[in-house]
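Working notes, structure below.
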Amino acid sequence: MGSSSSGTQDIAQEAFVNTFEKLASFKGQAAFYSWLFRIALNAATIARRKTRRMSASVESRRKDCGLEPSDENPTTEPSFAMDVSDRQRLVHQALAELSDEFRTALVLKEMDGMSYVEISEIVEVPLGTVRRRIHRARLELRSKLALLLKPKLL
């Protein structure tokens, strides 16, 4: 398996190739940045779906062979001693469980610092829809994090 950096570079290269191929179709109805970002977002979404299918296939084969998945995610109790990498892992795990629509809107807002209007242009949905998705994504993320932090009963 390649490194995450290599995968990111592959996605970026795919986005640039797609942009070059579709440049003639740019009509100027949206900002060029929004149009370009949408192409990159689509390339990332396609790559993520391929990765999911491959992961599901590997997991399915492990179960078919009678191999149980290893316990890579030990029980995590909330504490002040939890280090940054543990918190990041939990947030990434909870984000991965959100629907694509919710995750995309939330990441664009909270991690990329985009405005609601910019997000609306990029994901091509009305502004109210973006606001609802971000609100629901925050609620779901909070709920999922609470479950991940809840100690497992013995």
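Bear in mind that the values in this text are calculations on the coordinates, not laboratory data. Predicted, not measured: the structure shown is a model, and the values here were computed from it. Reconstructed Cβ throughout: ideal geometry from the backbone, glycine too, with neighbour counts over all protein chains shown.
Evaluate the distance, in nm, between pseudo-label points positioned 7 Å from the Cα of GLU21 and of THR8 along their respective Cα→Cβ axes.
It is 2.5 nm.
Provide the gained length on full extension for the span ARG132 to ALA146, in nm with one decimal, where the gain is 0.36 nm per separating residue minus the Cα-Cα distance. Show your work: numbers first, answer last.
Values: separation 14, 0.36 × 14 = 5.04 nm, distance 2.12 nm.
Taking ARG132 through ALA146 to full extension adds about 2.9 nm, to one decimal.
Just how large is the dipole of the stretch 79-154 about the Cα centre, in debye to the nearest 20, putting +1 at every Lys and Arg Cβ and -1 at every Asp and Glu Cβ?
Working: 13 positive and 11 negative charges, 98 e Å.
Using only the charged Cβ atoms, the result is roughly 480 debye.
Is the stretch 79-154 best put as rounded, prolate or oblate by its Cα gyration tensor, with a ≥ b ≥ c the root eigenvalues, rounded for a/c under 1.5, and otherwise prolate when a/b is larger than b/c, oblate when not? Before the final figure, lay out the partial values.
Values: a/c = 3.23, a/b = 2.16, b/c = 1.50.
Verdict is prolate for the stretch 79-154.
Can you find, among LEU139, ALA105, SER120, the residue sitting farthest towards the positive end of the charge dipole of the stretch 101-144, where Lys and Arg contribute +1 and Asp and Glu -1 at Cβ?
LEU139
Listed highest first by mean packing, meaning other Cβ atoms within 10 Å per residue, what order do 114-127, 10-23 come in? Each step should come with its number before you reach the end.
Working: 114-127: 16.4, 10-23: 13.7.
Packing proxy ranking, top to bottom: 114-127, 10-23.
For GLU110 and VAL84, compute 0.36 nm times the residue count separating them, minus their Cα-Cα distance, and round to one decimal in nm. All intermediate terms of the calculation are to be shown ahead of the outcome.
Details: separation 26, 0.36 × 26 = 9.36 nm, distance 1.78 nm.
Using 0.36 nm per residue and subtracting the Cα-Cα distance, I get 7.6 nm.
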